[in-house]
Structure formats: structure tokens, C-alpha cells
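K.L.:
Before I ask anything, here is the structure I am working with.
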Amino acid sequence: MNTNLPVTVLKGVGDKKSNTLEKMGIKTIDNLLNYYPRDYEKNMPVNKISDIKMNEVNVIEGIICLNAQNIRKRNIVITKTKIRDDTGEIFAIFFSQPYLKNKLKIGNRYVLKGKVQYKYNIIQIVSPEIIDVNNYKMRINRLKPIYPLIKDVSMNFMTSIIQQSLNYTKDQLKDFLPDDIRNSYNLAEYNYAINQIHNPDNNESMEVARKRLVFDEFLLFALGLNLIKEHSTDIPNNYNIDKSTNEKKLLDSLPYKLTNAQLKVWDEIKNDLQSSKTMNRVVQGDVGSGKTIIAALALTIVSDNDYQACMMAPTEVLAKQHFESVTKILNPLGINVELLVGSMTKKQKEETYEKLKNGEINILIGTHAVIQEKVEFKNLALAITDEQHRFGVKQRENLSNKGNSPHILVMSATPIPRTLALIVYGDMDVSIIDEMPPGRQKIETYTVNTSYRERIYSFIEAQINSGRQVYIICPMVEESETLELESVISYTEKIREKISNKIKVEYIHGKMKAKDKNSIMERFSNNEIDILVSTTVIEVGVNVPNATLMIIENAERFGLAGLHQLRGRVGRGKHQSYCVLITDSKNNITKKRMEIMCKYTDGFIISEYDLKLRGPGDIFGFKQHGLPEFNIGDIFRDMDILKEANILAKDILEKEKLFQEEYKYLNKKIKKYFDKRINQISL
Ligand SMILES: Nc1ncnc2c1ncn2[C@@H]1O[C@H](COP(=O)(O)OP(=O)(O)OP(=O)(O)O)[C@@H](O)[C@H]1O
């Protein structure tokens, strides 16, 4: 069975549609079969027209009794027709589908599903879904899949092409899992799973199908990662890092002592750098747990041994911040640290390239341009990056070309349980900073509605009068006509009017030029700005310990992970800090989220709640994790399956089962799966 046929073999898929599908990652029949629903809804029973419920979604069945007409209003074509059953008649209105005029002919029988409203003096079913009569009756009360869509791809179309693909393959898909695995883990057969995920008989059969497909996905992932790990642990350490002249000096120069957790992690890194293999390690630590100093130590001992090291940040603001904090610590030791970011002039950049090449620079800090641009190092031995940018195979190659397989250190602020970390970072060694620096006070957190604004303004003034600084987060950059969200620019104007004019208020957002962003952040860091109104650009990593109040407008717009990251911008120094979450939302999940934020500050606990609160298919906050994304599996919800699959993967590899005849198809599948994903996973 060739499932690699292009989607254009299906009815209704021409060149234009196939281009649109390609944007969704769908090129072949196989891609369609693996395009899983994001949710299901129950097919509703048919209502008699006399019994329809106003302002609700109704399903009606009847005969078209008025030839459809197209009416043009402004730029929209409205198609209007009427449908009748034995109890009454109702108008049906469609928008921007002029071709329906020829389809909806008098005498044709249809099932229509849509909201019924009284508008313009008539009762009408508005923009209903048109459903095949015979098909529908058989399927009443069954689950109907809801697919994720993009513009120009309708649910009807998606369902139709997936059904065609299922008909085409008709139970002839090769099950790549050997029988012994299926039996031991009680997994459904592959054809059954694919059919039931798209056309479930009931909830139970859908769950059975889902379990099988999640297992598949995790098993392939775990096998791939473990294979990569086997391969990557073989890279020998090409550097001789045995001196640590400046380590003690650096530690002595700090105004604090490292926590035990920091010491342990630092030890692990040092051992790696001195071992016979190249380091490939991720350091995980909650917001504010003190990862930067660990990075600085690693940079230092590499430079002590006359090698170069680089450190990359996701944004210029962060790169500059790292640059400043690292320079402050390392310059007194005579270590030359330089910055490389996009907003520098060509001349400045060229000077930096030159100095890097001839070894005048020990440490380079920048954005990811550091490895993409034409940068030549003299002897790069260590590259530090963040979790969102953990290196894929291609970047690893790039890096190797710049150095000679340098050591890799990834910094992650995503607090996830250790067992999970060991799996999702399965190709790397994991270090966890599971302790906060001493003396940190709990960030007092409150949730209020917008009627409290005036009082909050007084609170802001009080904080500023005692020498502190304030962040205010607004989700939008500019005023929006459609959404009632606070926007950064108008908010700044509003607050300037409300508050004493001695208080300096500025804004920062992602659409500003890097140069302007940098200058605002610099002024905020130097306490030249009292209130910084910002979008989430400051979410990750910004460190201004004098800022003690974080106000988050429209807090309902953020997931728990995002709120935790944002709140982590305060409480970074010795002063008592506060976070005020402002929302008018009455939604239960939002309420629960706010309660959790007020109650807990430990990122590990918050991340666990985050997962519990996310329903199936709800990926709220997920993008904020720099974790691999799965097609159907959810690493938190399906954590048990992930663990099982990981143990199985290790067993398969240990016993070299992939070479056995029954494992032939599984082996093939890994190659295919990893071909697609290989760039996301570090090697
Ligand atoms: N052992 C320690 N004792 C006291 N203060 C510390 C210690 N380690 C780090 N700090 C301070 O804690 C603050 C936060 O550290 P850092 O910026 O490294 O956090 P982080 O882990 O990178 O957090 P984020 O993920 O939010 O960026 C800094 O001001 C730093 O100087």
C-alpha cells in the first residue's frame, strides 16, 4: 500500500488546495491519515423545524423549496435559500460561497447544522454546515472529529479528504509494531487505531485508538533519541581543560556563596569538560535560581585553558544583559568578553570577526547570529545556548565547523519533573538546580479585577517612592478594534496622565527596533525608568533585581507557565516583591489559574498544575516550553505512556532487536520519523 501518494490524487484537491495543505505540513495521504483531530463533538439529533431553538445550534433536515439566490452586499456574496420539512420552513443564509447557488436546487434534500437566529425580520439558519443526509442519520450521537484548520481549509473539506484517504487505504496499512509489543502493552492494531481516531464508534474506542497512536509517537521518539545518544556520546573531547586559574578568584569575588544545588551542577559541568567525551548537557533551573553564574564559570575555565567560548541568547536584549553581567564578573579577571548582535554597525562587526579569528577575544556573547553569520573562531571549545535553540543536527554541524566539536551546554528555565526531563532531553545529560538562593522572599501575588486600578496606581507610586521599579505587562502593542485588551502604547499614555509626573514611564514591545529596545532596557536596568510597560518581550531572563512589582493586565490571556515566567522578573533581589494579576474573566479555568499563582511560587508545582488544567488538545502555554512538540501525545498528560515507551526503547536497543525480521518495519518508521524531526533534536 503506497501511502506516499500526493494529496492531489484525491477528489477536490487541485494545485491551489495542495499548496495550502502543504502549509499545514500535509503533502501525502500518509500525512492526512496522521493529521489527528484536536477534539470531537457529538453529532446532534435532527430537530423538526417547528421545534428549533432560537439562538442555538440546531440540526434540521428538509427539502430545498426556493432556488438559491446570490445577493452582493458590500464585498460579500450572500447566498439565500429556504428549506422545508413537514412542520415548517426556514431561510438558510451562506456567506462567500457563491457556488452554492448551483448546488442548493429545489427538491434536493439536506441536513443543515447551524445557529438559528431572528434577523432582518426572518428566522434563518446562519452559515450552516451542509451534511450528507444518509451519512448523518447513521452517525447521530457518534463522535465527530474536529480538525485544526487554517484559512481556506474548511472542516467539510478536511473531513472529506481524510475520509477519502481512509477509503483508499481501507485496512491495508502495514502495522509496524511487532505483535509481541502490541500484546505486552495491550495496544490496538494500527488500522483500527487510525480508523477509530478519525471515525470513533464511541469514547472508549477513541481512547483505545489514541493510546496506540500516542505510544507509537513516544516509542519512535525515545528510540530516535536513544540512538542519537549512543552516537553522540562517542564524540571524543578534543580539548584539554585541566587548568582553572580563575575559578576561585571568580567565586571569591561574588557577593554571595553558591547554593549547594549550584555547586553540584557546576561540579557536573566541570567533570564533563575534563572527561574524555564531549559535553552535551542541559541545566534546568526555575526562574531566578542562578543559572547565569554557572554559565559564567564554564566560560571562565574554558578561557583559562586558552580556548574560546560563546554564549547565545534568544534576543538582543537578553544577549546584552548577559554580556553586561558576564563582563562585570570576568573583566576584573582579565578575560576579554565581547558582544555580537545584529544592531551593531558593519564596521563594529568586522572588527569583532577579526579579533575572534586571531584569538584576541576569549568569550563571545550574542544572539544566534553568532553561529549563523560568517564568524570564524580561532579555537571554540564551548557553546552555551538556551532551550528554545538547542542545537539541531544542522546547527551542530555549523558549530563543529567553527570549532572542533565544541562542548555544548543548554540552559533551560522550564521546570519539569526530573523523570520527565531525563526522557525529553534523552539525548543529553541533565543537571537540575533545585534550590533557590537564600533570603528570597515569597512574591506576594494578588488577583483583582479592573475596578481596582486606581488603588493599584497608589501602590505603584508607593513602591517607586521607596526607590523600587515596576513592570506592567499588556498583551497588545496597539489598540485593537475588536479585542478589549490593554495595549502597551495607550496604557503608557494613560498611566502618565494618572501618575505623578516625576515618575518616568516608558514602554517596550517586540515590534520596536533592537536598538531602541536595548536602550530602554539599559535605562531600566540603570534605574533611569521607574515603570516599564511591556508586552511579553521581557518574559524570559530579564534580570533587574531592583524591580519589585509586576502588574499583569488581561492575565487571563496567559497560561500558567507564561505567568510564572513573567512573575519571575521580580523577586530577584533582597526586597519584598509583589505581583498583581488583573482580570475581569469569569472563566473557571482562569479563576483556577489565578488561585494557583497566588498560592504557589515553585515552578515545578506550577508546571504540574499547568498540565492538569490543560484539557485534551488544549495547548495553552505549551509553546513557552522549549520541549519537543508531539502530534498526538502530550508529555504531561500521557507521562506514563512516555515512561513505558522509554523503557521499551532502551530494551529494544540493548537487545539489538531492530535487526530482527519482525522489527524491520519499526526500524524503517524510525528512519522516516527522525528524518522529519532530526533538526529539532540535538545530537
Ligand atoms: N547563590 C546565590 N546567592 C544569592 N544570589 C544569587 C545566587 N546565585 C545567583 N544569584 C542572583 O540571583 C539573581 C538571579 O540569577 P540569574 O539571573 O542567574 O537567574 P536565572 O536562573 O538565569 O533565572 P531566569 O531563568 O529567570 O533568567 C541574580 O541577581 C543573581 O546575581
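The values are calculated or read from the model by the stated rules, or taken from the named source; none is laboratory data. As the structure is a prediction and not an experimental result, all values here were calculated from the model. Heads up, the Cβs are rebuilt from the backbone with ideal geometry, glycines too, and the neighbour counts pull from every protein chain shown. Each accessible area value is taken on the protein alone, full model and side chains, heavy atoms only, with ligands, DNA and RNA left out. Shrake-Rupley method; radii C 1.70, N 1.55, O 1.52, S 1.80 Å.
K.L.:
Checking residue 258 against (1) within 14 Å of the ligand (Cβ to nearest atom); (2) part of a helix (DSSP H, G or I); (3) surrounded by fewer than 22 Cβ atoms within 10 Å (Cβ to Cβ); (4) in contact (Cβ under 8 Å) with a residue 12 or more places away in the chain, which single condition isn't satisfied?
P.N.:
In the conditions (1) within 14 Å of the ligand (Cβ to nearest atom); (2) part of a helix (DSSP H, G or I); (3) surrounded by fewer than 22 Cβ atoms within 10 Å (Cβ to Cβ); (4) in contact (Cβ under 8 Å) with a residue 12 or more places away in the chain, residue 258 misses (2) alone.
K.L.:
Of all residues in region 141-169, how many are outside any loop (DSSP other than H, G, I, E, B) and closer than 14 Å to residue 35 by Cβ?
P.N.:
Start the filter on region 141-169 by keeping residues that are outside any loop (DSSP other than H, G, I, E, B), which leaves 143-146, 155-169.
Okay, now just the ones that are also closer than 14 Å to residue 35 by Cβ, so 145-146, 155, 157-166, 169.
Count: 14.
K.L.:
Filter region 395-419 for residues that are aliphatic (A, V, I, L, M) and at pLDDT 75 or above; which is farthest from residue 312 (Cα to Cα)? First the steps, then the outcome.
P.N.:
Applying the first criterion (aliphatic (A, V, I, L, M)) to region 395-419 yields 399, 408-411, 413, 416.
Now narrow it down to the ones that are at pLDDT 75 or above: 408-411, 413.
Numbers: 408: 11, 409: 10, 410: 10, 411: 10, 413: 15 Å.
The residue in question is 413.
K.L.:
Can you tell me which residue within region 337-377, out of those that are under 24 Å from residue 241 (Cα atoms) and surrounded by fewer than 17 Cβ atoms within 10 Å (Cβ to Cβ), is modelled with the lowest pLDDT?
P.N.:
The selected residue is 376.
K.L.:
Show the residue pairs that are 6+ apart or on different chains and have beta-carbon atoms under 6 Å apart, the first residue being within region 502-518 and under 9 Å from residue 533 (Cα atoms), the second being part of a loop (DSSP other than H, G, I, E, B) and polar (S, T, N, Q).
P.N.:
As it stands, the answer is 509/535, since those pairs meet every condition given.
K.L.:
Please specify each residue of region 102-128 satisfying the condition of being within 41 Å of the chain's Cα centre (by Cα), over 13 Å from residue 46 (Cβ atoms) and open to solvent by 20 Å² or more (accessible area, probe 1.4 Å).
P.N.:
Scanning region 102-128 gives 115, 117, 126, 127.
K.L.:
Given the criteria charged (D, E, K, R), within 41 Å of the chain's Cα centre (by Cα) and over 17 Å from residue 63 (Cβ atoms), does residue 132 qualify? Walk me through it before giving the result.
P.N.:
On the way: charged (D, E, K, R): yes; within 41 Å of the chain's Cα centre (by Cα): yes; over 17 Å from residue 63 (Cβ atoms): no.
In short, no.
K.L.:
Turning to a different aspect of this structure: Does region 93-125 hold any residues that are in contact with a Leu (Cβ under 8 Å, 6 or more places away or on another chain) and of a type outside the set (Phe, Trp, Tyr), and which are they? It would help to see each step written out before you state the result.
P.N.:
Kept after step one, since they are in contact with a Leu (Cβ under 8 Å, 6 or more places away or on another chain), are these residues of region 93-125: 94, 106, 110, 125.
Within region 93-125, 106, 125 qualify.
K.L.:
Could I ask something else about it? What number of residues within region 123-140 satisfy the criterion of being in contact with a strand residue (DSSP E or B) (Cβ under 6 Å, 6 or more places away or on another chain) and outside any strand (DSSP E or B)?
P.N.:
Selection size over region 123-140: 2.
K.L.:
Kindly list, by first and then second residue, each pair from a residue in region 277-293 that is of a type in the set (Asp, Glu) to a residue that is part of a strand (DSSP E or B) and more than 6 Å from the ligand (Cβ to nearest atom), limited to pairs with Cβ atoms under 8 Å and residues at least 6 apart or on different chains.
P.N.:
These pairs meet every condition: 286/433.
K.L.:
Further, regarding this structure: Looking only at residues that are assigned to a loop (DSSP other than H, G, I, E, B) and surrounded by fewer than 22 Cβ atoms within 10 Å (Cβ to Cβ) in region 292-309, which one is farthest from the ligand (Cβ to nearest atom)?
P.N.:
So the first thing to find is which residues in region 292-309 are assigned to a loop (DSSP other than H, G, I, E, B), and the list is 305-307.
Narrowing the set further to residues that are surrounded by fewer than 22 Cβ atoms within 10 Å (Cβ to Cβ) leaves 305-306.
Numbers: 305: 24, 306: 26 Å.
Here the answer is 306.
K.L.:
Among (1) closer than 27 Å to residue 648 by Cα; (2) open to solvent by less than 10 Å² (accessible area, probe 1.4 Å); (3) among the hydrophobic types (A, V, I, L, M, F, W, C), which single condition is residue 206 missing?
P.N.:
In the conditions (1) closer than 27 Å to residue 648 by Cα; (2) open to solvent by less than 10 Å² (accessible area, probe 1.4 Å); (3) among the hydrophobic types (A, V, I, L, M, F, W, C), residue 206 misses (2) alone.
K.L.:
Of all the residues that make up region 4-42, how many are out of contact with any helix residue (DSSP H, G or I) (no Cβ under 9 Å at 6 or more places or on another chain) and open to solvent by 50 Å² or more (accessible area, probe 1.4 Å)? Before you say what the answer is, go through the steps one by one.
P.N.:
Step one: filter region 4-42 for residues out of contact with any helix residue (DSSP H, G or I) (no Cβ under 9 Å at 6 or more places or on another chain), giving 16, 19-20, 23, 38-39, 41-42.
With open to solvent by 50 Å² or more (accessible area, probe 1.4 Å) added as a condition, the list becomes 16, 19, 23, 38-39, 41-42.
Summing the residues that are out of contact with any helix residue (DSSP H, G or I) (no Cβ under 9 Å at 6 or more places or on another chain) and open to solvent by 50 Å² or more (accessible area, probe 1.4 Å) in region 4-42 gives 7.
K.L.:
A follow-up question, please. Please go through region 496-518 and pick out each residue that is farther than 21 Å from residue 319 by Cα and open to solvent by less than 40 Å² (accessible area, probe 1.4 Å).
P.N.:
Residues satisfying the conditions are 499, 503, 505.
K.L.:
For residue 304, all conditions in the list (1) under 24 Å from residue 433 (Cα atoms); (2) in contact with a Lys or Arg (Cβ under 6 Å, 6 or more places away or on another chain) hold save one; what is the number of the exception?
P.N.:
Failing condition for residue 304: (1).
K.L.:
Go through (1) modelled with pLDDT under 90; (2) open to solvent by 50 Å² or more (accessible area, probe 1.4 Å) for residue 599 and report which single condition fails.
P.N.:
(1)
K.L.:
Output the residues belonging to region 263-291 that are small (Gly, Ala, Ser) and either at pLDDT 95 or above or within 16 Å of the ligand (Cβ to nearest atom) (or both).
P.N.:
Start the filter on region 263-291 by keeping residues that are small (Gly, Ala, Ser), which leaves 275-276, 285, 288-290.
Listed by number, the residues that qualify are 285, 288, 289, 290.
K.L.:
So which strands (runs of 3 or more DSSP E) stay within region 418-537 end to end and still have 2 or more residues that are more than 23 Å from the chain's Cα centre (by Cα)? It would help to see each step written out before you state the result.
P.N.:
Working: elements: 429-433, 444-448, 469-473, 505-508, 531-534.
Where strands (runs of 3 or more DSSP E) fall fully within region 418-537 and carry at least 2 residues being more than 23 Å from the chain's Cα centre (by Cα), they are 444-448, 469-473, 505-508, 531-534.
K.L.:
With the structure loaded, tell me whether residue 45 is buried (at least 19 other Cβ atoms within 10 Å of the Cβ), of a type outside the set (A, V, I, L, M, F, W, C) and modelled with pLDDT under 95 or whether it fails that test.
P.N.:
Values: buried (at least 19 other Cβ atoms within 10 Å of the Cβ): no; of a type outside the set (A, V, I, L, M, F, W, C): yes; modelled with pLDDT under 95: yes.
For residue 45, the condition - buried (at least 19 other Cβ atoms within 10 Å of the Cβ), of a type outside the set (A, V, I, L, M, F, W, C) and modelled with pLDDT under 95 - is not met.
K.L.:
Same structure again: Please find, within region 417-443, the residue that is nearest to residue 228 (Cα to Cα) out of those that are surrounded by 14 or more Cβ atoms within 10 Å (Cβ to Cβ) and charged (D, E, K, R).
P.N.:
In this case the residue turns out to be 427.
K.L.:
Same structure, new question: Could you please give the count of residues in region 556-574 that are in contact with a helix residue (DSSP H, G or I) (Cβ under 9 Å, 6 or more places away or on another chain) and either free of Cβ contacts under 8 Å to residues at least 60 places away in the same chain or within 12 Å of the ligand (Cβ to nearest atom) (or both)?
P.N.:
In the first step, residues of region 556-574 are kept if they are in contact with a helix residue (DSSP H, G or I) (Cβ under 9 Å, 6 or more places away or on another chain); the result is 556, 558-569.
Filter once more, keeping what is either free of Cβ contacts under 8 Å to residues at least 60 places away in the same chain or within 12 Å of the ligand (Cβ to nearest atom) (or both): 556, 563-569.
The number of residues fulfilling the criteria is 8.
K.L.:
Evaluate the following for residue 223: is it hydrophobic (A, V, I, L, M, F, W, C), under 21 Å from residue 641 (Cα atoms) and away from the ligand (no atom under 11 Å from the Cβ)? Walk me through how you get there before you give the answer.
P.N.:
Working: hydrophobic (A, V, I, L, M, F, W, C): yes; under 21 Å from residue 641 (Cα atoms): yes; away from the ligand (no atom under 11 Å from the Cβ): yes.
So residue 223 passes the test.
K.L.:
Only one of (1) over 30 Å from residue 15 (Cα atoms); (2) open to solvent by 90 Å² or more (accessible area, probe 1.4 Å); (3) not in a helix (DSSP H, G or I); (4) not acidic (Asp, Glu) is not met by residue 172, so which one is it?
P.N.:
The failed condition is (1).
K.L.:
Can residue 56 be described as at negative phi, modelled with pLDDT of 90 or more and surrounded by fewer than 17 Cβ atoms within 10 Å (Cβ to Cβ)?
P.N.:
yes
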